[in-house]
């Protein structure tokens, strides 16, 4: 989604909206997202698994780039990240979220659970700020250059 948004793709295009719908349909009851390595053996398990900080962050970043900052599912995902941090403010992740070779070996990148959630939360904050600024500008009718009328 980030790449599509960056090249100016229409984020209301049917294929983008289908992707958003699919991502939201895979959100776990705890507010997070996850997928196990079993997906390689059974495609029916795609997007299903224990919620992890990194996979939740990836789902959130896709939704945010698709313009879904105000969606309740995004709010629940951010809440999941905030509530699952350790005492050091970061996340631990025991699950394998990287693939070496499907069905052969999987990887646990220790950094994924540290920087992707922070990135997603920063993007969320920036997305909300951009939406709030747009709303405020339309209410107070900013002139070009930012001066109020």
Report yes if some residue within the range 89-109 is at pLDDT 75 or above and under 23 Å from residue 5 (Cβ atoms); otherwise report no.
-> no
Single residue of 137, 70, 62, 130 found to be part of a helix (DSSP H, G or I) and modelled with pLDDT of 85 or more | 62
Are any of the residues in the range 34-51 surrounded by 16 or more Cβ atoms within 10 Å (Cβ to Cβ), without any contact (Cβ under 8 Å) to a residue 60 or more places away in the chain and closer than 17 Å to residue 115 by Cβ?
-> no
Residue 18 passes all but one of the listed conditions (1) in contact with a helix residue (DSSP H, G or I) (Cβ under 6 Å, 6 or more places away or on another chain); (2) in a helix (DSSP H, G or I); the exception is number (1)
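The values are calculated or read from the model by the stated rules, or taken from the named source; none is laboratory data. Treat the numbers as computed from the prediction; the structure is a model and nothing was measured. Neighbour counts run over all protein chains shown; Cβ positions are idealised from the backbone, glycine included.
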